[in-house]
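Read the structure below first, then the notes.
The values are calculated or read from the model by the stated rules, or taken from the named source; none is laboratory data. Remember, predicted model here, so these are calculated numbers, not experimental data. No Cβ is skipped: glycine too gets one built from the backbone with ideal geometry, and neighbour counts run over all protein chains shown.
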Number of protein chains: 2
Amino acid sequence: MTPEWIACDWGTSRLRLWAMRGGEPLAATERDRGMGQLTPSEFPEALEEAASIWDGSAPVVACGMVGARQGWVEAPYVAVPCAPLPGGMVAAPGPREVRIVPGLSQADPPDVMRGEETQVAGFLALNQGWDGVICLPGTHTKWVHVSAGEVVSFRTSMTGELYALLSEQSVLRHSMDETTDDAAFDAAVADTLSRPERLASDLFTLRAADLLTGATGGRSRLSGLLIGAELAATRPFWLGQQVAVVGTGDQGRAYSRALSAQGAPVTQVRSDAVTLAGLTAAWRKSRASA
Amino acid sequence: MTPEWIACDWGTSRLRLWAMRGGEPLAATERDRGMGQLTPSEFPEALEEAASIWDGSAPVVACGMVGARQGWVEAPYVAVPCAPLPGGMVAAPGPREVRIVPGLSQADPPDVMRGEETQVAGFLALNQGWDGVICLPGTHTKWVHVSAGEVVSFRTSMTGELYALLSEQSVLRHSMDETTDDAAFDAAVADTLSRPERLASDLFTLRAADLLTGATGGRSRLSGLLIGAELAATRPFWLGQQVAVVGTGDQGRAYSRALSAQGAPVTQVRSDAVTLAGLTAAWRKSRASA
């Protein structure tokens with residue numbers, strides 16, 4: 001198979017490629033060779049190894065941490081307000097044509113994103129004229145206020161990383177179970193949404209309740225406490241806005257459930273779909289300017 | 001040297017022993033053999049190995065996680081309100097006389113402590129008639145409301161564990177420096193004390209500010225953000241109360257500084273001193289009832 005071009009989502013822990021014809025994915029492949037495992041000189045070989053399953057040497061459009069300072073080549077941040085794909089793609093050195101989408105930055109409060117700008121662009125490509133807030137759950141969840149096709153402002157919350165550290169490495173790991181307990185989740189969201197300052201002590205309560213009464217639903221409760229606190233922090237973003245949640249797995253479902261309980265009108269969209277639509281928009285833009 | 005008795009502080013990660021005569025420590029020793037590294041059957045040997053540097057087979061009074069369900073032998077929690085040493089010491093099986101101080105529990109909100117009750121007892125032994133709040137910084141910081149010689153209520157915050165996980169294992173590890181920046185600490189405390197809901201996003205701001213402007217003082221700022229949020233959560237404990245902070249190292253100093261900035265009258269006391277005074281009180285109690 002000979003792709004017209006290759007769409008590339010290269011994050012901290014994973015490299016994902018799609019063989020593309022126009023906006024259509026023909027095939028996909030994935031490697032555990034993220035930015036975090038590579039030195040700058042190792043990127044070309046990592047890309048070739050993965051892309052060589054397809055014929056030819058199709059050009060690549062890449063987004064994500066590949067463009068960070070410690071990545072392949074730095075694609076300097078563009079400051080908001082601006083379009084999610086404001087131009088400024090950077091060519092990476094190597095045997096194949098590779099263009100990297102720049103991340104976005106915000107001066108006050110200081111904030112950065114890499115990769116999510118492409119998903120925002122993809123969402124807008126699929127939903128022309130949409131105004132509102134896009135929530136992108138992840139290790140570092142992004143809340144992005146979009147108006148008139150531009151990113152007006154955004155905010156990052158470390159909820160996903162806190163969840164991973166607390167559930168796998170803290171004392172709370174002893175109180176995690178695999179049941180999904182929606183009632184425990186809902187109650188936990190309500191607790192920290194109304195009293196966000198109690199997060200650090202509510203977390204220990206989860207452990208103590210298990211010790212003293214054998215309470216279950218620890219994993220749902222942990223997720224709910226963290227998301228409730230995040231919703232309290234990001235209320236200025238989502239209150240009175242239509243919200244699109246990117247991601248249809250457990251994490252996207254949790255945010256959607258919590259936001260819906262607050263009366264926010266929530267749309268859930270597939271993460272891969274908006275990533276590909278965004279990379280396609282970047283590809284078309286690079287051809288138009290070539 | 002032949003001790004009259006041996007004081008033992010046996011926590012999750014460490015075993016500490018003091019050779020005692022009455023309330024006076026004659027010598028001390030320490031091992032990296034905490035409850036977390038031992039199965040129940042390994043406790044007697046671990047104790048004998050450490051205690052055998054002294055002559056005789058003096059009886060031992062122990063506090064801490066050694067009395068947890070997964071420790072040597074469970075010393076069941078006693079529910080507050082009660083004296084910090086309410087009796088109920090449990091004899092551990094083995095060649096030597098060993099008595100373990102029980103932890104305290106609270107039904108609503110669910111909470112537990114093991115080891116800190118002994119420090120509270122020690123503080124009260126050294127400060128008879130004291131009423132107020134005792135703050136015991138640690139992996140799981142305890143706030144203990146004491147009145148008329150009893151623990152009325154308490155609250156645990158996971159601040160110390162969050163600090164360790166975030167500074168060593170999260171994306172923030174890239175923005176930690178070894179400088180102590182009091183101004184950054186004070187500003188961070190003020191930020192989350194007044195807007196505690198922003199903790200999860202303020203944490204990422206620390207990283208973004210480093211990326212965008214090379215901001216320093218990351219470690220002080222992280223400490224300040226977490227302690228500020230904790231002070232917001234525990235305001236009902238410390239507001240209008242005299243506060244004793246147990247611990248004179250960096251962590252105790254940080255809590256004292258943050259509380260003092262809020263106008264709370266703070267006393268700092270040495271952790272070892274109150275542990276020994278508490279174990280001595282437990283020892284005398286066990287003799288009186290023997």
Exercise for review: Only residues that are touching a residue at least 60 places away in the same chain (Cβ under 8 Å) and either out of contact with any strand residue (DSSP E or B) (no Cβ under 7 Å at 6 or more places or on another chain) or within 14 Å of chain B (Cβ to nearest Cβ) (or both): list them for region A:234-249, please.
Suggested key: A:THR234, A:PHE237, A:TRP238, A:GLY247
Exercise for review: From the list A:THR205, A:THR216, pick out the single residue that is closer than 29 Å to B:ASP191 by Cα, in the same structural domain as A:LEU166 (by TED's automatic domain parsing) and not charged (D, E, K, R).
Suggested key: A:THR205
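Search region A:74-116 for residues being of a type in the set (Val, Ile, Thr) and over 16 Å from A:ALA282 (Cβ atoms), and hand back the single one that is farthest from the other protein chains (Cβ to nearest Cβ).
The first filter runs over region A:74-116 and keeps only residues of a type in the set (Val, Ile, Thr), leaving A:78, A:80, A:90, A:98, A:100-101, A:112.
With the extra rule that they be over 16 Å from A:ALA282 (Cβ atoms), the set shrinks to A:80, A:112.
On the way: A:VAL80: 12, A:VAL112: 5 Å.
Going through the qualifying residues, I end up with A:VAL80.
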Review point. Residue check: is A:ALA27 at pLDDT 95 or above and part of a strand (DSSP E or B)?
Key: yes
Exercise for review: Working carefully through the options A:VAL144, A:VAL112, A:VAL133, A:VAL98, find the one that is among the aliphatic types (A, V, I, L, M), farther than 29 Å from B:LEU166 by Cα, in contact (Cβ under 8 Å) with a residue 12 or more places away in the chain and touching a helix residue (DSSP H, G or I) at 6+ places or on another chain (Cβ under 8 Å).
Suggested key: A:VAL98
Check your understanding: Within region B:138-158, can one find any residue that is more than 22 Å from B:ARG69 (Cβ to Cβ), in the same structural domain as B:ALA229 (by TED's automatic domain parsing) and not in a strand (DSSP E or B)?
Key -> yes
Practice item. Take A:THR156 and decide whether it is in contact with a Cys (Cβ under 9 Å, 6 or more places away or on another chain), buried (at least 24 other Cβ atoms within 10 Å of the Cβ) and either within 14 Å of another protein chain (Cβ to nearest Cβ) or touching a residue at least 60 places away in the same chain (Cβ under 8 Å) (or both). Key: no
Check your understanding: Applying the selection to region B:265-290, what residues are farther than 23 Å from B:ILE227 by Cβ and not in a helix (DSSP H, G or I)?
Key -> B:ALA290
Review point. Of all the residues that make up region B:116-134, how many are among the hydroxyl-bearing types (Ser, Thr, Tyr) and more than 17 Å from the chain's Cα centre (by Cα)?
Key: 0
**Study point:** Test: residue in region A:171-187 that is within 28 Å of A:THR118 (Cα to Cα) and not acidic (Asp, Glu)
**Key:** no
Practice item. Looking only at region B:146-160, count how many residues are within 12 Å of the chain's Cα centre (by Cα) and more than 16 Å from B:VAL245 (Cβ to Cβ). Key: 1
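Regarding region B:192-206, can at least one residue be identified that is part of a loop (DSSP other than H, G, I, E, B), crowded, with 23+ Cβ neighbours inside 10 Å, facing another protein chain (nearest Cβ under 10 Å) and out of contact with any strand residue (DSSP E or B) (no Cβ under 7 Å at 6 or more places or on another chain)? Write out each step before concluding.
Pass one, region B:192-206, residues part of a loop (DSSP other than H, G, I, E, B): B:195.
Narrowing further to those that are crowded, with 23+ Cβ neighbours inside 10 Å: none.
Scanning region B:192-206, I find no residue that is part of a loop (DSSP other than H, G, I, E, B), crowded, with 23+ Cβ neighbours inside 10 Å, facing another protein chain (nearest Cβ under 10 Å) and out of contact with any strand residue (DSSP E or B) (no Cβ under 7 Å at 6 or more places or on another chain), so the answer is no.
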Revision key, fill the gap. Of the listed residues (A:LEU212, A:LEU225, A:LEU166), the one being at the interface with chain B (Cβ under 8 Å from one of its Cβ atoms) and crowded, with 19+ Cβ neighbours inside 10 Å is A:LEU166
Check your understanding: Does region B:166-189 contain at least one residue that is closer than 21 Å to B:VAL80 by Cα and either over 15 Å from the mean Cα position of the chain (by Cα) or basic (Lys, Arg) (or both)?
Key -> no
Check your understanding: Can you find even one residue in region A:36-59 that is in contact with an Asp or Glu (Cβ under 6 Å, 6 or more places away or on another chain) and not assigned by TED's automatic domain parsing to the domain that holds A:PRO137?
Key -> yes
Point to revise | Members of region B:168-184 that are part of a loop (DSSP other than H, G, I, E, B) and touching a Ser or Thr at 6+ places or on another chain (Cβ under 7 Å) | key: B:MET176, B:ASP177, B:THR179, B:THR180, B:ASP181
Review point. Pairs under 6 Å by beta carbon, first residue among the aliphatic types (A, V, I, L, M) in region A:24-51, partner surrounded by fewer than 17 Cβ atoms within 10 Å (Cβ to Cβ) and in a strand (DSSP E or B), six or more apart or different chains?
Key: A:ALA50/A:THR29; A:ALA50/A:ARG31
